[in-house]
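Novice: Structure incoming, see below.
The values are calculated or read from the model by the stated rules, or taken from the named source; none is laboratory data. All values derive from a computational prediction rather than experimental measurement. Every residue, glycine among them, receives a Cβ derived from its backbone with ideal geometry; neighbour counts consider all protein chains shown. Side chains included, ligands, DNA and RNA excluded: accessible areas come from the protein's heavy atoms. Shrake-Rupley method; radii C 1.70, N 1.55, O 1.52, S 1.80 Å.
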Amino acid sequence: MTIEFFARLPLHGETQFIPGDNRNRGDWNRQPHASTGAVSSFAVGDDFAYIDYLSQVARAAEINGFSGALLVNAPFGDEPWIVSAALARETKRLRFVDAFHPGHFSPWQATQMAASFQRISGGRLVWNVIQGGSDGLLRANGEPLPHDERYARAIEFLDLVKGFWGSENFHYKGRYYQADGGGLRGPLARAPIPTICSAGTSEGAKELAARHSDYYLVLAESPEHVARAIADVKERAVKYGRADKIRFGVSVDAIARETDELAYAEAKRFFDEGVRAGTVKAAAERSAHMSDTNRARFERYNGRDVNDFDDLFVEPHLWGGFGYIGIPPGFAFVGSYENVAAKIRQFADLGLSWFFLNGYPHLEEIYRLGEHVLPRFRAPRLTLAGEGPDQAVPLVSGGGLAARGNS
């Protein structure tokens, strides 16, 4: 098992300040004309736009030894596949973890697009299959199916994708899809199928992961919750003969500084800005429209009396404050470089091998993490809990082809 680090590309605006603040880079703010930079303004014919900032972030991640970057499919942000296709030609090794809803594509269209992307990029596409979110928002965007049916459809969707990829004459008949002899051929069929990631804590989400995912992604909740989620999905994977194939990753932000005190001051700055801007109230109101599992998580960590930023520590150096002020994924490792690295090792001991680690603003924090945190994991070997020296686990960044595809 190897441990790899992934950054994130801010497809719906930078977050140095609270989302929407005009001091943020990009044109996703309340008054785009007042933004400080990286604005896409076709009216005045600017030579440089927000995609150029995203290119900087992607190249910074590659330069600093991240294996790839996550592109979140926010409902009001740029589309991940389009952006990653553009950036694949501006990077050399960086993998693109593209989030997408299967309901937005036909299985054949997604298969063909992915195979073409693999050929163009040299096999650097990773799929992050997502199905959750607010039912109301999904309906507004044309999604007719309720939560559980979306996951059932996604399982069939991936049945077809794997079938098309493995056969020129694939047949299938399910509840949502059927195929009568289709499949990739020629050069497209020789492209590697993307690594498949998924997340979610509902029954449907865990079944999808157990049946199809190479990586099941969790949030950096308390270690006890993370350990239970891993054990649950592993147990479910047994019935599909995949218990030894599925691996696990975690999505978490980081506020890492030279000392704990400097890191805490930055966490307090975000907290205070969120309180002043009213995002705390907005996040609480949004929680009422979340799924049952997401609402329960919000209440578990944020639904209590909070007087200051430090009331939101789940445990030492694990802060739930971003969730409190409405910035996903909600949790952050906060502390000195040494203590953030120790927190990463603690979660690696739970069985996590992919770390989606990011800070704000993305560009500067990628350099900070790349210069002060990731190098601590470049020693040849690191022993995880319960393993002898002959079973030590190498921690790497910048994974190669051997780390890709559905093994």
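Novice: If we count every other residue with Cβ under 15 angstrom of Leu11's Cβ, Lys/Arg +1 and Asp/Glu -1, where does the sum land?
Specialist: Net charge in that neighbourhood comes out at -4.
Novice: First select every other residue whose beta carbon is under 10 angstrom from the beta carbon of Ser35; then total the charges, Lys and Arg +1, Asp and Glu -1. Each step should come with its number before you reach the end.
Specialist: Details: positive: Arg23, Arg25, Arg30; negative: Glu14, Asp21, Asp27.
Result for the neighbourhood of Ser35: 0.
Novice: Local charge sum around Gly335 (other residues, Cβ-Cβ under 15 Å, Lys/Arg +1, Asp/Glu -1)? Walk me through the intermediate numbers first.
Specialist: Values: positive: Arg257, Lys268, Lys343, Arg345, Arg368, Arg376; negative: Asp253, Glu258, Asp260, Glu261, Glu266, Asp310, Glu315, Glu338, Glu365.
Residues close to Gly335 contribute a combined charge of -3.
Novice: Of Lys162/Lys234; Lys92/Lys343; Lys239/Lys343; Lys92/Lys206; Lys92/Lys239, which ones are farther than 27 Å apart at the Cα?
Specialist: Lys92/Lys343; Lys239/Lys343; Lys92/Lys206; Lys92/Lys239
Novice: Once all Cα-Cα distances of the range 133-225 are split into 10 Å bins that start at 0, what whole-number percent is in each one?
Specialist: In whole percents, the pair-distance histogram is 14, 35, 34, 14, 2.
Novice: Within the accessible area of the range 1-147, what % is carbon and sulfur when the probe is 1.4 Å and the other protein chains stay in place?
Specialist: That share works out to 55 percent.
Novice: Here's something else I'd like to know. What are the radius of gyration and Dmax of the range 97-186, computed over its Cα atoms and given in Å?
Specialist: Taking only Cα atoms of the range 97-186, I get Rg and Dmax of 13.9, 42 Å.
Novice: Please arrange Arg345, Arg30 by accessible surface area, largest first, computed with a 1.4 Å probe and ligands excluded.
Specialist: Values: Arg345 75, Arg30 155 Å².
Output order, biggest surface exposure first: Arg30, Arg345.
Novice: How large is the Kirkwood hydrodynamic radius of the range 1-121, in angstrom, based on all distinct alpha carbon pairs?
Specialist: Working: mean 1/r = 0.0645 Å⁻¹.
One over the average 1/r among Cα pairs gives 15.5 Å for the range 1-121.
Novice: Per residue, how much accessible area does the range 46-161 show when a 1.4 Å probe rolls over the protein heavy atoms, in square angstrom? Show your work: numbers first, answer last.
Specialist: Numbers: 4560 Å² over 116 residues.
Computed with neighbouring chains in place, this is 39 Å² per residue.
Novice: Follow-up question, since we're still on this one. What is the spread of the Cα atoms of the range 51-123 along each of their three principal axes, largest first, in whole Å?
Specialist: That works out to 36, 29, 18 Å along the principal axes.
Novice: Roughly how many Å is it from the Cα centre of the range 47-112 to that of the range 342-368, as a whole number?
Specialist: Result: 19 Å between the Cα centres.
Novice: Further question on the same structure: In debye, nearest 20: dipole of the range 69-186 around its Cα centre with unit charges on the Cβ of K, R (+) and D, E (-)?
Specialist: On the way: 13 positive and 12 negative charges, 100 e Å.
The calculated dipole for the range 69-186 is roughly 480 debye.
Novice: Show me the ranking of peptides 250-262, 173-185 by mean Cβ neighbours inside 10 Å, starting with the highest.
Specialist: Values: 250-262: 19.9, 173-185: 14.2.
Those peptides, ordered most packed to least, come out 250-262, 173-185.
Novice: Which GluC sites (Glu not before Pro) in the range 138-228 sit in a loop by DSSP (not H, G, I, E or B) and have at most 12 other Cβ atoms within 10 Å of their own Cβ?
Specialist: Those that pass, being in a loop and sparsely packed, are Glu168.
Novice: When DSSP assigns beta bridges and you keep just the ones with both residues in the range 49-204, what percent turn out antiparallel, to the nearest 5? Could you put the intermediate results ahead of the total?
Specialist: Working: 4 of 17 bridges.
Roughly 25 percent of the DSSP beta bridges within the range 49-204 come out antiparallel.
Novice: May I pose another question? Determine how large the accessible area of Asp232 is when every protein chain is in place; take a 1.4 Å probe and give Å² rounded to the nearest 10.
Specialist: Here the residue's solvent-accessible area equals roughly 40 Å².
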